[in-house]
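Read through the structure below, which is laid out as structure tokens, and then see the notes.
Rule-based calculations on the coordinates, nothing more; no lab input. Please read all numbers here as calculations on a predicted model, not as lab measurements. So basically every Cβ, Gly included, is an ideal-geometry build from the backbone, and we count neighbours across all protein chains shown.
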Amino acid sequence: MLLMDQKMNFGPSKRAVQLSLVLGATVAALASHPGWAAEPRTGMPRVVVTTTIVADLVRQVAGDEVETDCLMGPGVDPHSFKATPRDADRLARADLVVASGLQLEGKLAALLERLGRRKRVVSVAESIPKDRLIEVGDGLYDPHVWFDPTLWAMCVEAVVEPLGQIVPAGRPRFEAAAAQYRGRLKLLDDALRERVAAIPERRRVLVTSHDAFRYFGRAYAIDVVGIQGMSTESEAGLNDINRLVDLVVSRGVPAVFVETSVADRNVTALREGALAKGHGVRLGGRLYSDALGGPQSGAETLEEALRANVDVVVGGLAGVAVRESDGGTGSGR
Amino acid sequence: MTSAVGYLSCLAAIDLSGLLAYNTLIVAAGTAAVGCAAGVVGSLSVLRKRALVGDAAAHVTLVGVATAFALTGRRDLPTLLAGGFAAALAGLLVLVVMRRYTRTRDDAATAIVLSVGFGGGIALVAGMTARGIPGSAGLENFLLGHTAALTARDAGVLAGVSLATVVVVMLFLKEATLVAFDRSFAAAAGWPVAVVDYLLVVLVAVMVVVGLPAAGAVLVTALVVIPPVAARQWTDRLGTMLVLAGVIGLVSAVTGVAISAVVPRLATGPVIVLVAAAIFAISVLFTRWRSPREAA
């Protein structure tokens, strides 16, 4: 036994050579794989953004004059997004980094802060006056500000100056585009308010699987109830689910809403509990929360996504049937 | 201290109507079944000094969950569970092979399987998320479990599998006892030691994978380990220990569910583990106090 082991340990190193060849080939193959290779440089200034919503904001202001590179694609949950080395590389090579901020990018925050010492990192939501934000804990604010178009309009200003820094020639165009975009957001706000008025007041309860819609609820006088806590990382307690069942039943809420990027187990349990009390609850369809839709989803911009959300909410709560099937409208997938 | 007092005064204002709510009963039924069966199966694996096999199985499922999602693009429970179960079995097979054919000790082999499976799973999920594949982010949350969100169907599946597991343990109790206590004697006497060993490992894997969406990886591991260890404090007889471990698992589950139904903002799964741990602590204290010399 001992002898055999010695032979294994000190014998010819042919195996080691083979092994290192295989390893080397693997590394080479990985490096040449298109997904891993560096992206082609266009010569335009590169703006790396965190979420699709921030990407939309930058595009609204700068159009095609910068290259917008988005770290988190459609349907990605920013609360649990972890940066890979390749993401860190993209950030390092950026001319400007634009984040949403207010701890939305929970696991990216430390990296962004370090990056901020070497280059311009703009967290757009942090430019909103604190008294307009919803405080959720000691010095912690709800980051989902884009659901109130009037708040998001304040964020527009935050990117104009930094974009003008990296494309000096574009500055007047950016300012004009920003002013125009702010105007559109104001009109959107009025339009959404008008739509929500169609929901009977008692039924203005928006139940979703995580609390992303506080600003939306505040702006349009809808009670927002999430089963989970602020982030998608925490687990719901039984007491919370029981109380929610009672609320839904007592206020006659006809539908609850699942988001595109969060698991829907809690909602299923809630519907089952309500049904046991003789109150059927439909799935009102999917709402866009932390990410916009992909290409051809009809919700590629924030304006489209907010309109789509309000259509889904009004359809579910006002009694105007969107679709009777249990599966929801699936607008996000 | 003041916050504790505040918390207690909050408790006084709580109404107990949630105790008999529909969701409470469903969750209680499902977790009670898992707690009971996990206690019974766990007793055997704890005695076999394999307490962490369940933990390894639970973490390895992530690689299967990620692979199943990568292959099918679907995120529904049956797909992910199938992937998770396949991975758990494969991981345990690797464990057994490593033990038999390499000079790796039990605990080291378990640690290797656990960490490689979990690491591989995280790498896969991160890789998919980085490529912006929709729905891939947060797949690792599959391991966390959503105890409070059990549905009637979940509870039914849990109860069925738990019952089946307990029945299998009953059928093989004699063999399992022998293997657990005196492996070499069992082998010399011509018992199929390896078969019983594999069966035990598979039972743990089944228990863990089925309990995963209900309870999460760490909670399931706790239910496989803590009730048996608590039961062991009270008795030296295997039969008594199995029954006691089952009862402790069941009581922990029901008590934990009741507490989480009454107190707001308490996640159900962790409370169950804390109750089990409390029972373990009481068991140790009480049995030491009763016979300090015997418990050595």
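If you average the sequence gap of Cα pairs under 8 Å that are 6 or more apart and divide by the length of chain B, what percent do you get for the contact order?
It comes to 31 percent, rounded to a whole number.
Over the protein assembly as shown, consider all pairs of different Cα atoms and compute the Kirkwood hydrodynamic radius from their mean reciprocal separation; express it in Å, one decimal.
27.2 Å
Test of understanding: express the Cα radius of gyration of the stretch B:182-226 as a ratio to 2.2 N^0.38 Å, with N the residue count.
Relative to the 2.2 N^0.38 Å estimate, the stretch B:182-226 comes out at 1.52.
Putting +1 on Lys and Arg Cβ atoms and -1 on Asp and Glu Cβ atoms, find which of A:Ala305, A:Gly278, A:Val225 reaches farthest to the positive end of the dipole of the stretch A:199-317.
A:Gly278
Might you report the magnitude of the Cβ-based charge dipole of the stretch B:159-296 about its Cα centre, with Lys and Arg at +1 and Asp and Glu at -1, to the nearest 20 debye?
Approximately 340 debye in magnitude.
For the stretch A:199-317, rounded, prolate or oblate, judged on the Cα gyration tensor with a ≥ b ≥ c (square roots of eigenvalues), a/c < 1.5 rounded, else prolate if a/b > b/c?
prolate
Would you kindly calculate the mean projected area, averaged across all directions, of the convex hull enclosing the Cα atoms of the stretch B:168-260, in square nanometres?
For the stretch B:168-260, the mean projected area of the Cα convex hull comes to 6.7 nm².
If you take the charge dipole of chain B about its Cα centre, with +1 on Lys and Arg Cβ and -1 on Asp and Glu Cβ, which of B:Val273, B:Gly91, B:Gly190 is farthest toward its positive end?
B:Gly190
Could I have the simple spin-label model distance between A:Lys277 and A:Val136, label points 7 Å from Cα toward Cβ, reported in nm to one decimal?
About 2.6 nm separates the two model spin labels.
Hey, got the dipole for the protein assembly as shown? About the Cα centre, +1 on K and R Cβ, -1 on D and E Cβ, debye to the nearest 20?
1540 debye
Pairs on different chains or at least eight residues apart, Cα atoms closer than 29 Å: how many lysine pairs in the protein assembly as shown fit?
Eligible lysine pairs with Cα atoms under 29 Å apart amount to 8.
How far apart, in nanometres, would the label points at B:Leu16 and B:Thr104 be if each is projected 7 angstrom from Cα along the Cα-to-Cβ direction?
In this crude spin-label approximation the distance works out to 5.2 nm.
So what is the relative contact order of the stretch B:121-208, in percent, for Cα pairs below 8 Å that sit 6 or more residues apart?
It comes to 19 percent, rounded to a whole number.
How long is the gain from A:Arg195 to A:Arg117 if the chain were fully straight, where each residue apart is worth 0.36 nm and the alpha carbon distance is subtracted?
That works out to 23.6 nm of additional length.
Which one, B:Thr31, B:Gly54, B:Ala123, projects farthest toward the positive side of the charge dipole computed for the stretch B:17-153 from Cβ point charges (K/R +1, D/E -1)?
So the residue we want is B:Gly54.
Quick check: Cα centre of the stretch A:166-186 to Cα centre of the stretch A:268-305, how many Å?
About 33 Å separates the Cα centre of the stretch A:166-186 from the one of the stretch A:268-305.
In whole angstrom, note down how far apart the Cα centers of the stretch A:41-118 and the stretch B:113-130 are.
Here the two parts' Cα centres lie 24 Å apart.
List every DSSP H helix in chain B whose Cα atoms extend 24 Å or more along the helix's own long axis and whose mean Kyte-Doolittle hydropathy is at least 0.5.
Span-like helices in chain B: B:22-47, B:53-72, B:77-101, B:106-130, B:152-171, B:193-215, B:217-234, B:238-262, B:268-290.
Write down the Å³ per residue value for the convex hull defined by the alpha carbon atoms of the stretch A:46-192.
Roughly 116 Å³ of hull volume per residue.
Could you work out the mean count of beta carbons from other protein chains within 10 Å of each residue's beta carbon in B:22-29?
Average per residue, whole number: 5.
What distance in nm lies between label points placed 7 Å from Cα along the C-beta direction at B:Ile282 and A:Gln296?
So the label points at B:Ile282 and A:Gln296 sit 6.1 nm apart.
What fraction, in whole percent, of alpha-carbon pairs in the stretch B:17-290 exceed 32 Å separation?
Result: 24 percent of Cα pairs exceed 32 Å.
Other chains' Cβ within 10 Å of A:271-278 residues: what's the mean?
For this peptide, the per-residue mean of nearby foreign Cβ atoms is 4.
Averaged over B:265-275, how many beta carbons belonging to a partner chain fall within 10 Å of each residue's beta carbon?
Mean shielding by partner chains, rounded to a whole number: 3.
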